[in-house]
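To start, the structure itself, in structure tokens.
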Amino acid sequence: MSARRSDYFESRGRRSPDATTPAPADSPAGSRIHNTIPLRRPSLMQEPVLVLNATYEPINVTAVRRAMVLMLKGVAQAEELHASEVHSAAHAHRVPSVIRLLAYRHIPQQSRALSRKNILLRDRNTCQFCGGVFPSSELTLDHVVPRSRGGRSSWENLVACCYRCNNSKGDRTPEEAGLKLARRPRPFTLHTSRQLMRLIGHRDERWRKYLFY
Ligand SMILES: [Zn+2]
């Protein structure tokens, strides 16, 4: 896992139909280890795993598969285990729920988590113009200030938007289109990051003590 990797909070709900989360293509050893992890329970392998820095600071959410690769490579160790196991030909592996990196990694706080999935999470799958709640597939991201006007792709300028509102807004500002934002899009902060992790991990009690909720 390198700092340039942008898979923060992205591990779940990936659209690829196969069970393989992004393989660690950074080293031949990585792909070899990757191939030894059994594929038998794809849904379990896609379960979210909280990633802690060496200092126990929560920094990421990844999938079980990738977490196990990090453990096998000696990059991380399990702090909390899932009740389930996965079986390969010779071994049963306890599945991690929380892992911790063994070496401290500096993570730039800003921009690391900017993604469609995270914007939708922040906005709770709610169109920020009409207030409707939609499945992710029926939402898009809207640039509040259109890109053609210099609007940036940032936490402060991207909102969840249904296709209907997106079409009616077109290449205009909300004011020009007669639309009103439900609320000002919040920037990414440590708080947002924790909030996203809690939303992803709300079913897993084992995450609580690291996320303080
Ligand atoms: Zn809408």
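The values are calculated or read from the model by the stated rules, or taken from the named source; none is laboratory data. What you are looking at is a predicted structure, and each value in this text was computed from that prediction instead of being measured. As a convention, Cβ positions derive from the backbone with ideal geometry for all residues, glycine included, and neighbour counts pool all protein chains shown.
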When only residues in the range 172-209 that are within 16 Å of the ligand (Cβ to nearest atom) and among the small types (Gly, Ala, Ser) count, which is surrounded by the fewest Cβ atoms within 10 Å (Cβ to Cβ)?
Gly178
Cβ-Cβ under 7 Å pairs, at least 6 apart or on other chains, the range 122-133 side over 13 Å from Cys165 (Cβ atoms) and part of a loop (DSSP other than H, G, I, E, B), far side more than 6 Å from the ligand (Cβ to nearest atom) and among the aliphatic types (A, V, I, L, M):
Asn125/Val133; Asn125/Leu139; Asn125/Ala160
Got at least one residue in the range 120-142 being at pLDDT 90 or above, surrounded by 13 or more Cβ atoms within 10 Å (Cβ to Cβ), farther than 21 Å from Trp207 by Cβ and more than 13 Å from the ligand (Cβ to nearest atom)?
yes
Output the number of the condition that Lys169 fails; it satisfies all remaining conditions of (1) away from the ligand (no atom under 16 Å from the Cβ); (2) touching a strand residue (DSSP E or B) at 6+ places or on another chain (Cβ under 7 Å); (3) of a type in the set (Lys, Arg).
(1)
Please verify whether the range 107-117 includes one or more residues that are exposed (fewer than 12 other Cβ atoms within 10 Å of the Cβ) and either within 16 Å of the ligand (Cβ to nearest atom) or farther than 18 Å from Arg194 by Cα (or both).
no
